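Notes to accompany the following structure.
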Amino acid sequence: MAALVCLLVSFCTLDDEEGCRLAGGNPAEVGDDDAVVTSTLSPDEGDEERARDRRQWVHDFFSISRLPQNGSMTLVFPGLFEEDVDGSDTARFTHSNDSRQFRRDFPYVFDGVESLDEDAKQRRRLLAAGNRINLLDANEEFISAMVDGVFSTPRDSSTNETVRTSVVRYLTDKMRSFGLVTGNQIYDPQEFGGHVPNGTNVIGILPGRLWGTKEDEILVIGAHWDTVPLSSGMNDNGSGVTALLEVARALTEGLCRPHTSVIFVAFDLEEVGSVGSIYFIRNFLVPTVLSASGAKLKGAFILDCIMNFNETQFSQTLSPEWQEALPEFWQQLQAENQTGDFLTVMYRKDVDFLLARTLADHWREPKKHQRISEKSVADDVKVETIGGEYRLKKVRLDMEAQVKHFDTLIPWLDLLRSDHSRFWIHNLEEYNISLPAVLITDTGPYRGVMQECYHQACDSSLDNAKLKFADKRFLARTCQALIDSTISLSQSVCHQIHSSQRRHQEPGTGNAADVSVDKKPILPALLGSFLAILQWLGIS
């Protein structure tokens, strides 16, 4: 099956063209190889049909958010709502305090993993108390436990319901154990004619001092947790969800108090047209968080396939569409003998620069580390490479932020097939602002073994033991850059001294370059943030 950036409409077939298009699939790109070989179209006719299909895909994909909502949506945040509140007439939106929806009676497959998680948490506390580890440093033991123990099992929307429900419970319990204000966003997207199954986004809020005020600038860290059928989805996208949880773990165990708020969200149904991120933006982020208080979105880090690493020459390729849209990127890869030893952050110049620049800055060697303000560095290169054992490539897409006509997106189509594009082009009439977001990826199906294993059963921990395509140290390096970037962007004050702070202290001064140390008790601050949440919900 053809798929370009970690998205595949899993229920599409050549016999179900309408269903494919409604969900954002491309009928021209779904089917077996024989169907392509036996085509009777001439090259010119084939090009014309492909151009029509691409145009149709763009229009259908980005029109989804305006379809009439005939289904229902429930926000389940136990303990935070006094009673159910009905929503609009066309769609049933409910704020529910029913804990039975939050934790259902079903076979749970991760009891053993949770027990080991708790043991590891106790060890980290003891080691941190003796200054033997730093809780703000990426923890490879935690990362390995997530990748191997939880996110290397098929989690698709058509099968494995027990595993899917167990993953929702695991994500929910894990975020709650971190102390995040945690809930489930459960949705029944009937507007797609019955082609799309129910989904559940798991949301965890780390409220900042400015939560609930117009001065708040929300940072979102998102990754999709679902898979395509039969794929274990270790890299796509167990790697992204693992990184999301690791950032949440570090900030909460490190007792960080953010000035501006951070929202962690694990999207469902990305593999079915990025439906989960539509519901998150349209039915939670914009109305419940941004519009309700007048807060702004600082931006979103979207993590999608971030663990595939290959130092072999000519292991890295790009699709013809990527090569055409990003010629400087492709030329640089060719000059480097197409070595797949890097992570990519993709962004738009005028909207997403701060996110990309901050991540790049925190990727650098510690001795070169400096905090970057939004206006302090000119964005004068289309591709910037930050070196080291593991490299980062900052790749700029010269797209217009405000899209006046969908046809202008056609040249970028194959770079829009992940949840970041829902922030860029959410198409909400009542909130006509393109939301800042960057895509962080290892390029998905275009590197090494993943050219064969992308969306296949061999994208698994078991197969990785033989094929060696996933590098957990590479993932840990990414997690560390994300931890540092989140602390910086949220202006967090952390009770746990950050390792980079110790590295950056000037002799005899005790001053740090990037992270403040709070010597005041943390519990009153957390209580204040919790009370702010209650006030926001109209309970207090």
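Applying a threshold of 7 Å to beta carbon distances and a minimum spacing of six or more residues, or different chains, the list of pairs starting in the range 294-311 at a residue that is in contact (Cβ under 8 Å) with a residue 24 or more places away in the chain and over 25 Å from Gly388 (Cβ atoms) and ending at one that is among the small types (Gly, Ala, Ser) and crowded, with 22+ Cβ neighbours inside 10 Å reads Ala300/Gly222; Ala300/Ala437. The residue pairs whose first member lies in the range 112-134 and is in contact (Cβ under 8 Å) with a residue 12 or more places away in the chain and farther than 13 Å from Lys174 by Cβ, whose second member is among the charged types (D, E, K, R) and assigned to a helix (DSSP H, G or I), and whose beta carbons are closer than 7 Å, counting only pairs six or more residues apart or on different chains, are Arg124/Glu253. The one condition from (1) over 21 Å from Asp459 (Cα atoms); (2) in contact (Cβ under 8 Å) with a residue 24 or more places away in the chain; (3) not in a helix (DSSP H, G or I) that Thr172 does not meet is (3). Within the option set Glu217, Glu321, being farther than 16 Å from Asp442 by Cα and either crowded, with 24+ Cβ neighbours inside 10 Å or modelled with pLDDT of 95 or more (or both) holds for one residue only, Glu217.
For every residue, the table says whether it meets (1) part of a loop (DSSP other than H, G, I, E, B); (2) on the phi < 0 side of the Ramachandran plot.
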| site | (1), (2) |
| --- | --- |
| Ile205 | no, yes |
| Ile218 | no, yes |
| Thr227 | yes, yes |
| Leu230 | yes, no |
| Asp236 | no, yes |
| Ala243 | no, yes |
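Checking the range 388-399 against the condition returns no match, with no residue being touching a Cys at 6+ places or on another chain (Cβ under 8 Å), of a type outside the set (Gly, Ala, Ser) and either assigned to a loop (DSSP other than H, G, I, E, B) or within 22 Å of Trp57 (Cα to Cα) (or both).
Screening the candidates Leu415, Leu435, Leu439 for the property of being surrounded by fewer than 24 Cβ atoms within 10 Å (Cβ to Cβ) and within 16 Å of the chain's Cα centre (by Cα) yields one hit, Leu415. Assess whether Leu435 counts as being among the aliphatic types (A, V, I, L, M), farther than 24 Å from Trp330 by Cα, part of a loop (DSSP other than H, G, I, E, B) and out of contact with any Phe, Trp or Tyr (no Cβ under 8 Å at 6 or more places or on another chain). No, not satisfied. Of all the listed residues (Arg209, Arg257, Arg249), the sole one being surrounded by fewer than 22 Cβ atoms within 10 Å (Cβ to Cβ), touching a residue at least 12 places away in the same chain (Cβ under 8 Å) and over 26 Å from Asn427 (Cα atoms) is Arg209. When Ser152 is tested against the conditions (1) surrounded by fewer than 20 Cβ atoms within 10 Å (Cβ to Cβ); (2) within 25 Å of the chain's Cα centre (by Cα), the lone failure is (1). Just wondering, is there one or more residues in the range 271-280 that are farther than 24 Å from Ser421 by Cβ and either in contact with a strand residue (DSSP E or B) (Cβ under 8 Å, 6 or more places away or on another chain) or among the polar types (S, T, N, Q) (or both)? The answer is no, given that none of the residues of the range 271-280 is farther than 24 Å from Ser421 by Cβ and either in contact with a strand residue (DSSP E or B) (Cβ under 8 Å, 6 or more places away or on another chain) or among the polar types (S, T, N, Q) (or both). The sole residue among Asp137, Asp111, Asp119 that is surrounded by fewer than 17 Cβ atoms within 10 Å (Cβ to Cβ), of a type in the set (D, E, K, R), within 30 Å of Ile487 (Cβ to Cβ) and at pLDDT 70 or above is Asp119.
Among the residues of the range 152-168, are any assigned to a loop (DSSP other than H, G, I, E, B), within 24 Å of Ser231 (Cβ to Cβ) and of a type in the set (Asp, Glu)? So far as the range 152-168 goes, yes, one or more of its residues are assigned to a loop (DSSP other than H, G, I, E, B), within 24 Å of Ser231 (Cβ to Cβ) and of a type in the set (Asp, Glu).
For every residue, the table says whether it meets (1) at pLDDT 95 or above; (2) touching a Lys or Arg at 6+ places or on another chain (Cβ under 6 Å); (3) at negative phi; (4) not in a loop (DSSP other than H, G, I, E, B).
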| residue | (1), (2), (3), (4) |
| --- | --- |
| Leu462 | no, no, yes, yes |
| Lys466 | no, no, yes, yes |
| Ile483 | yes, no, yes, yes |
| Thr486 | yes, no, yes, yes |
| Gln491 | yes, no, no, no |
| Gln496 | no, no, yes, no |
| Arg503 | no, no, yes, yes |
| Thr509 | no, no, yes, no |
| Ala512 | no, no, yes, no |
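Take the conditions (1) in contact with a helix residue (DSSP H, G or I) (Cβ under 6 Å, 6 or more places away or on another chain); (2) surrounded by 21 or more Cβ atoms within 10 Å (Cβ to Cβ); Leu333 misses just one of them, which is (1).
Scanning the range 118-138 for residues that are part of a helix (DSSP H, G or I) and not charged (D, E, K, R) yields Ala120, Gln122, Leu126, Leu127, Ala128, Ala129.
If you go through the range 139-157 one residue at a time, do you hit one that is in contact with a strand residue (DSSP E or B) (Cβ under 6 Å, 6 or more places away or on another chain) and of a type in the set (A, V, I, L, M)? No, there is no match, as no residue in the range 139-157 is in contact with a strand residue (DSSP E or B) (Cβ under 6 Å, 6 or more places away or on another chain) and of a type in the set (A, V, I, L, M).
The values are calculated or read from the model by the stated rules, or taken from the named source; none is laboratory data. Everything numeric here is computed off the predicted structure, so don't read it as measured data. Here Cβ is always computed from backbone atoms with ideal geometry, including for glycine, and neighbour counts include all displayed protein chains.
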